[in-house]
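A short write-up of the structure that comes next.
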Amino acid sequence: MKSKKIGLVLTLFVAAIALMACGNKDDNNIKSEGPGDVGNKDYKTEMNIAVTAQPPTLDPSMTVSQVALNIAGNVFETLYTLNANYEPVPMLAESVDVSEDGKTYTFKLREGVKFHNGEEMTAEDVVASMNRWVTTSSRAKSLLTNAEFTVQDPTTVVLTLESATSDVLIILATKAQFPAIMPAAMVEAASAEGVNEYIGTGPFQFEEWKQDQYIHLVKNEEYQAVEAEASGLSGKKEAFVEDVHYHFVTDHSTRIAGIQTGQYDIAESIPLESYEQLNSSDDVQVSSYDGGALTAFYNTNEGLLADVKIREAITTGLKMDEILLASYADADLFSLNPGYMNPNQTQWATNAGEGIYNAGDVEKAKQLLQDAGYNGEEITLLTTKDYGEMYTATIVIQEQLRQMGVNVKVENFDFPTFLERKNDFTKWDIFVASTGYQLTPPQLLAVTPDWAGTKDAKITELLTAIRSAESPEAAQAKWDELQGYLYEYLPSTVIGHYKSLIASTNELEGFTVFEAPILWNTKVIK
């Protein structure tokens, strides 16, 4: 059987490239001094983190809770994970062979890796964990339908797919509902609500969950790190503190006060309105990381915007920079880019559609509206004040539409009602939503029919072509074609990309953020 070999040599090369790339960025990852800059400093043995809420569980395949997945990511590891360029690289796997027909993936496992209970990870553990994941995770069920893992030998497992797809490794490396490797006995004892223990292979292990107060992790003294350079969620991991406490602090002002007094070393989910206040402090570092895209969705099913000529006219007149500045207040917190995917995710980064994106040409928009036969009909903007950036963006769009000569009204509801009304295509013409990034184009809400009613044969055809492409390069070319088509068909338009905020004290060394705060390789100065 002819096969393609993807192994650690490639990983080392990719990690090195990723690190060089990261060195040129100042707005994605945050970084202080490296752990090697020890000098004569004394370091703390504990770290305290304020999070917004108590997670429902730490079972990764059973939840989409960001807090849960961030904490669980210290305890559990996966066969593949993401480097800083959002590329899938081995973690508990050593390498993978892919059959020529693309339906069989043979994973060679790292040997000598131990769970927190002292037992060595085996192929049986991996197969039990992965088969549970493909049947319990909603994302795995939809993207890897009828996939099955089997044991080939004590250090080799085989994944068999129903059909070849180009995104298998990145799905395995996904952070949402990620496929954690656990002891087989723990998997077999799991109930429909999830596992009853939290035993993984990560650099920290679960110690205690004090309900409504905190989760306590401790250093995994037996952790077996890979030798590759640290990059994103991949590479060498080393725990420099003995104890980590995640404190549940729902009140924003309490988290902010705690980071200012040094009670917490890290505070997550800092509100945008506190950015300048904290950023001006000498003792606190406020850092941004990729949050997601702010997008305007058009009603392609009913009403005035069912006409693509109207959608084109409106998009031509929108000034995205004005919408973003009003919504996020500070230019550090957003960026202009027509891409539907994360611009830092190199495989999917494309500027297709930039000819119409952010054109801001009001006079041309007026002409296009006239050419389309617009005659003063009223259009409805649907929004919710529950998400400030969505409401603000909607108000700015309302004013820009008025400048184009459009008769427009805004209807505001609480978020549950907003979601209910967007599913009724007689109730709206445009709505704005801020949505987190997805790892592959088929996961985008912009191409999901159940989200804003986007149904188009060419979109479906190109999505299929992306998943069935023979190589990442071929898939990228199809995505480039699809994004270009989205700016022709215009079921939506990206407004721009926003940042999320994390605050940390200036006493951290080696601290980075990639999708979440990275606690391994981080020291805390006394």
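Given (1) touching a strand residue (DSSP E or B) at 6+ places or on another chain (Cβ under 8 Å); (2) modelled with pLDDT of 95 or more; (3) crowded, with 16+ Cβ neighbours inside 10 Å; (4) not acidic (Asp, Glu), where does residue 173 come up short, assuming only one miss?
For residue 173, the exception is condition (2).
If I filter the range 107-126 down to residues being out of contact with any Leu (no Cβ under 8 Å at 6 or more places or on another chain) and part of a strand (DSSP E or B), which single residue comes out as surrounded by the most Cβ atoms within 10 Å (Cβ to Cβ)?
My answer is 108.
Does residue 211 satisfy the criteria of being open to solvent by 50 Å² or more (accessible area, probe 1.4 Å), in contact (Cβ under 8 Å) with a residue 60 or more places away in the chain and among the polar types (S, T, N, Q)?
yes
If you check residue 482 against the conditions, is it in contact with a Leu (Cβ under 6 Å, 6 or more places away or on another chain), more than 14 Å from residue 301 (Cα to Cα) and of a type in the set (A, V, I, L, M)?
Considered against the rule, which asks whether it is in contact with a Leu (Cβ under 6 Å, 6 or more places away or on another chain), more than 14 Å from residue 301 (Cα to Cα) and of a type in the set (A, V, I, L, M), residue 482 comes out as yes.
When you go through 263, 285 one by one, which is the residue that is in a loop (DSSP other than H, G, I, E, B), touching a helix residue (DSSP H, G or I) at 6+ places or on another chain (Cβ under 9 Å) and closer than 18 Å to residue 505 by Cα?
Only one candidate qualifies: 263.
Among 191, 129, which is the only one that is farther than 23 Å from residue 95 by Cβ and either of a type outside the set (Val, Ile, Thr) or open to solvent by less than 10 Å² (accessible area, probe 1.4 Å) (or both)?
Residue meeting the stated conditions: 191.
Go through (1) modelled with pLDDT of 95 or more; (2) within 13 Å of residue 496 (Cβ to Cβ); (3) out of contact with any Gly (no Cβ under 7 Å at 6 or more places or on another chain) for residue 376 and report which single condition fails.
(2) is the only condition that residue 376 fails.
How about the range 316-351: which of its residues are polar (S, T, N, Q) and without any contact (Cβ under 8 Å) to a residue 24 or more places away in the chain?
351
Could you list, in sequence order, the residues of the range 36-72 that are β-branched (Val, Ile, Thr), surrounded by fewer than 19 Cβ atoms within 10 Å (Cβ to Cβ) and either modelled with pLDDT of 90 or more or under 24 Å from residue 262 (Cα atoms) (or both)?
Result: 38, 45, 52, 57.
Can you go through 453, 405 and tell me which one is in contact (Cβ under 8 Å) with a residue 12 or more places away in the chain, farther than 24 Å from residue 499 by Cβ and open to solvent by less than 10 Å² (accessible area, probe 1.4 Å)?
Just one listed residue meets the conditions, 453.
Among the residues of the range 361-381, are any β-branched (Val, Ile, Thr), surrounded by fewer than 22 Cβ atoms within 10 Å (Cβ to Cβ) and within 28 Å of residue 479 (Cβ to Cβ)?
Within the range 361-381, none of the residues are β-branched (Val, Ile, Thr), surrounded by fewer than 22 Cβ atoms within 10 Å (Cβ to Cβ) and within 28 Å of residue 479 (Cβ to Cβ).
Suppose we keep only residues that are touching a residue at least 12 places away in the same chain (Cβ under 8 Å) and hydroxyl-bearing (Ser, Thr, Tyr) within the range 427-450. Which one would you say is least open to solvent (accessible area, probe 1.4 Å)?
Once the filter is applied, the top-ranked residue is 440.
Under 8 Å between Cβ atoms, which residue pairs at least 6 apart in sequence (or on different chains) link something in the range 215-244 that is over 22 Å from residue 197 (Cβ atoms) with a partner that is of a type in the set (Ser, Thr, Tyr) and assigned to a loop (DSSP other than H, G, I, E, B)?
Every condition considered, the pairs that remain are 232/86; 238/223; 240/522; 241/45; 241/522.
Somewhere in the range 18-35, is a residue among the basic types (Lys, Arg), within 19 Å of the chain's Cα centre (by Cα), exposed (fewer than 14 other Cβ atoms within 10 Å of the Cβ) and at pLDDT below 75?
Checking the range 18-35: at least one residue is among the basic types (Lys, Arg), within 19 Å of the chain's Cα centre (by Cα), exposed (fewer than 14 other Cβ atoms within 10 Å of the Cβ) and at pLDDT below 75.
Among the helices (runs of 4 or more DSSP H) contained in the range 138-252, which hold 2 or more residues that are over 22 Å from residue 114 (Cβ atoms)?
Fully inside the range 138-252 and qualifying: 138-143, 168-172.
Hey, residue 424 hits all of (1) on the phi > 0 side of the Ramachandran plot; (2) surrounded by fewer than 17 Cβ atoms within 10 Å (Cβ to Cβ) but one; which does it fall short on?
Every listed condition holds for residue 424 apart from (1).
Only one of these conditions is not met by residue 319: (1) open to solvent by 50 Å² or more (accessible area, probe 1.4 Å); (2) modelled with pLDDT under 95. Which number is it?
(2)
The values are calculated or read from the model by the stated rules, or taken from the named source; none is laboratory data. Being a predicted model, the structure only gives us computed values, none of them experimental. Positions of Cβ are backbone-derived with ideal geometry, glycine not excepted, and every protein chain shown enters the neighbour counts. Note: areas computed on protein heavy atoms with side chains; ligands, DNA, RNA excluded. Shrake-Rupley method; radii C 1.70, N 1.55, O 1.52, S 1.80 Å.
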